[in-house]
Amino acid sequence: MVVFDLRDFWMVSSQEQSPFRPFYKYALSICADSAPQKQEWVDFYSKFNDISFTYSEWAKEMLETQSGGAIKIADVLSPGVDTEVFCPVQDKKAHKAKMGIDPNSIILMMVARNQKRKKFAELFKSFKMLLKRLKNEKKMDIYNKVYLYIHTSYPDRGTDLPEAIKRAGI
């Protein structure tokens, strides 16, 4: 059996203690989007995985260099999608109408885990500034149809979202 994992370090590190670990091969697609990686992570990646992958050539080179070659990256597996099944909406207005949303709405979107470094509170303040500017410039046609959509988790280790929204006044 093979377990293929594509999560961040803090979500995969428990695999090391699994009582089932002797019974499967462990393939990890390492989530690395910054350098340097924490040494604890590099040590884990170099010793624990049967086979490792990265999302990008950059991450592969960075991890191999930082680990002094101890991490053996088998290949780069960039996340992808079957565009025959999942494709961009061609007619956004019709799609919005189908979903019960004003077809002329403007939707600003943030997709991210709720972590402090993602700066949700600052996003809310900026959105409030946008609304204020639109109102001051008497651009009510835009003001009345702009929305901020956040796709995230709550509660989490990050921002207290209801409190940040309240503080921003949106």
Between the modelled labels at residue 25 and residue 7 (7 Å from Cα along Cα→Cβ) the distance in nm is 2.2 nm
Toy charge model, Lys and Arg Cβ at +1, Asp and Glu Cβ at -1: the chain dipole around Cα centroid in debye, rounded to 20, equals 1260 debye
Calculating volume of the Cα convex hull per residue in Å³ from this structure picks out, from (1) 184; (2) 147; (3) 120, entry (1)
Cβ-Cβ cut-off under 11 Å around residue 143, Lys and Arg +1, Asp and Glu -1: the net charge is +4
Distance in Å, no decimals, from the C-alpha centre of the stretch 54-95 to the one of the stretch 1-27 is 20 Å
The chain: longest segment with zero exposed chymotrypsin sites (Phe, Trp or Tyr not before Pro), where exposed means DSSP loop plus at most 15 other C-beta atoms within 10 Å, is residues 87-170
What helix-only [θ] at 222 nm does the chain give? Using -39500 (n - 2.57) per DSSP H run of at least 4, over all residues, to the nearest 500, the answer is -10000 deg cm²/dmol
For residue 128, counting only lysines whose alpha-carbon sits under 18 Å away and dropping same-chain residues fewer than eight positions off, the answer is 118, 119, 138, 139, 145, 166
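Read the figures in this text as sums done on the coordinates, not as results from a lab. In this text, all values refer to a predicted model and were calculated from it rather than measured experimentally. A quick note on method: Cβ atoms are made from the backbone with ideal geometry, for glycine too, and the neighbour counts reach across all protein chains shown.
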